[in-house]
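Encoded as structure tokens, the structure appears first; notes follow it.
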Amino acid sequence: MLLLLSHADWLLLAFSVFVLDIPRYTISLVSLVPLNWPRRPAILEAEGGVTISVILPAFNGGPGLMQSIASLHRQTFKPFEIIVVDDGSTDDTLALARQAQAAGLIDMVIHHGTRCGRSPAVNAGARFARGDLILAMDPDTVFAPHALARLAAVFHDPRVAAACCNLGVSNEDASFTTALQGLEYLMSISAGKSFLNVLGAVSCCSGACSVYRRDIFLDRGGLDPGPGEDLEMTLRLRRLGYRVRFVSEAWADTLVPDNPVSLIRQRQRWDRDALRIRLIEYREVEIFKPERLSDSLQRLDFIVFDLVPTLSFPFYLVYCTLIFGPQTLLFLVAVYALLLGIALFNIALASLLFGRSPTLFGLSVALVFPFYQGIAMKLTRFVAYSSEILFSTSRSDDYVPPRVRRVLMGQRT
């Protein structure tokens, strides 16, 4: 394998590493080192002068609802109010929410008789919110005690309209699939978004935890009722000239799919939505656009490290086959060994930088992490992109209720 690599075209070898996603996070992590060592910057926390209204939209969110509410009450910076919006749940979500309201744990329960979708649920809660900031969260998100204080602190800058927090995987030890996602979140969210935040190029505030200025949120129309609402809202605010921040010191844990089928379905939905929003709605592949440097950088991050490697991946495999013939598999194994070394370096450095070491079970799956990240998820993304380009599959996404989707598609045709 070493002999094959040494005789390989260096341009091909470099493209191999690029296509398989590894250098994206190596660049981020190595760039972050001077900012964290030898002296870590002060961690800012809000102490007063701003209030937060928490909006918790829940569709069949009963299993995690009370844990999420409990984590809000453990905050060092208390929320001004907590509003639960039951979006037509068929489980015990509504009963639990009303019990929590009777116990004084939440301030308001809004009940939708039929499911309207996450965006309408958040927008409904926002109309009743009275805080300066709105925190929209999922019913399976659990916050660390200082999370809200650190999120609120960034809004002392009046140019900031939205912010999101660092995310870990609460069920990381549940299965092989969740352990891989735990490593992935450490790379893509902790490392990736921290680096983009330095550049002012954060492009998506995750739906699991997004904070907005209430007046701007309402003035700009709230969340889009279609799919991919978190990405669309973030890009919309950027287009309007506002700043978006990622607060790496503010932590929350969230549940992730615990089996490959559920994970692939989730990622294909995310990727289809991202492609539609970025390419069709916001035309992010246009070369010359009158925009801020930070907006150009966030577009380039998507194009260079996401779109191009994904769409070129199958052709790269065909090209390797033509070049190496019967030695193709040996070449790819050699490249994988190289990528594994880089990936282990990335994991170790990220653990030191963010103080979020993987569990022993998580470390045990690190040997297949380059395959998961660079091949399995890339093929998943390729299928999602292809289906969206050829068939506009996001139009039939069941994440948006059918009756809402019919209205939306009727308005947009």
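The values are calculated or read from the model by the stated rules, or taken from the named source; none is laboratory data. Keep in mind it's a predicted model, so treat the numbers as computed, not measured. Here the Cβ is made from the backbone with ideal geometry for all residues, glycine too, and neighbour counts use every protein chain on show. With ligands, DNA and RNA removed, areas are computed over all heavy atoms of the protein, side chains included. Shrake-Rupley method; radii C 1.70, N 1.55, O 1.52, S 1.80 Å.
Quick rundown of the values:
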{"quantity": "In segment 257-310, the GluC sites (Glu not before Pro) that fall in loop regions by DSSP, at most 16 other Cβ within 10 Å", "calculated": "GLU286, GLU291"}
{"quantity": "Proximal aspartates and glutamates to LYS289, defined as alpha-carbon separation beneath 16 angstrom and excluding residues fewer than eight positions away on the same chain", "calculated": "GLU281, ASP301"}
{"quantity": "Percent of C-alpha pairs per 5 Å bin, segment 193-267, short to long", "calculated": "3, 13, 21, 22, 18, 13, 6, 2, 0"}
{"quantity": "Principal-axis tilt of helix 328-354 within the chain, Cα atoms, nearest 10 degrees", "calculated": "40"}
{"quantity": "Förster radius 30 Å - calculated FRET efficiency between ARG406 and ARG220, Cβ distance, rounded to 0.05", "calculated": "0.75"}
{"quantity": "Rounded if a/c under 1.5, otherwise prolate or oblate - segment 56-123, Cα gyration tensor axes", "calculated": "prolate"}
{"quantity": "12 Å beta-carbon shell around GLN101, net charge (K/R +1, D/E -1)", "calculated": "-2"}
{"quantity": "Under 5 Å, built H, 5+ apart or other chain: amide partners of GLY131", "calculated": "SER53"}
{"quantity": "C-alpha center-to-center spacing [segment 283-351, segment 75-126] in angstrom", "calculated": "41"}
{"quantity": "Mean accessible surface per residue for the chain, computed with a 1.4 Å probe while every protein chain stays in place, in Å²", "calculated": "44"}
{"quantity": "Spatially proximal lysines relative to LYS78 (Cα-Cα < 16 Å; intrachain offsets below 8 disregarded)", "calculated": "none"}
{"quantity": "Radius of gyration, Dmax [the chain; alpha carbons; angstrom]", "calculated": "21.7, 72"}
{"quantity": "Within the accessible area of the chain (1.4 Å probe), percent carbon and sulfur", "calculated": "63"}
{"quantity": "Residue-averaged 222 nm ellipticity for the chain, from DSSP H runs of 4+ at -39500 (n - 2.57), nearest 500", "calculated": "-15500 deg cm²/dmol"}
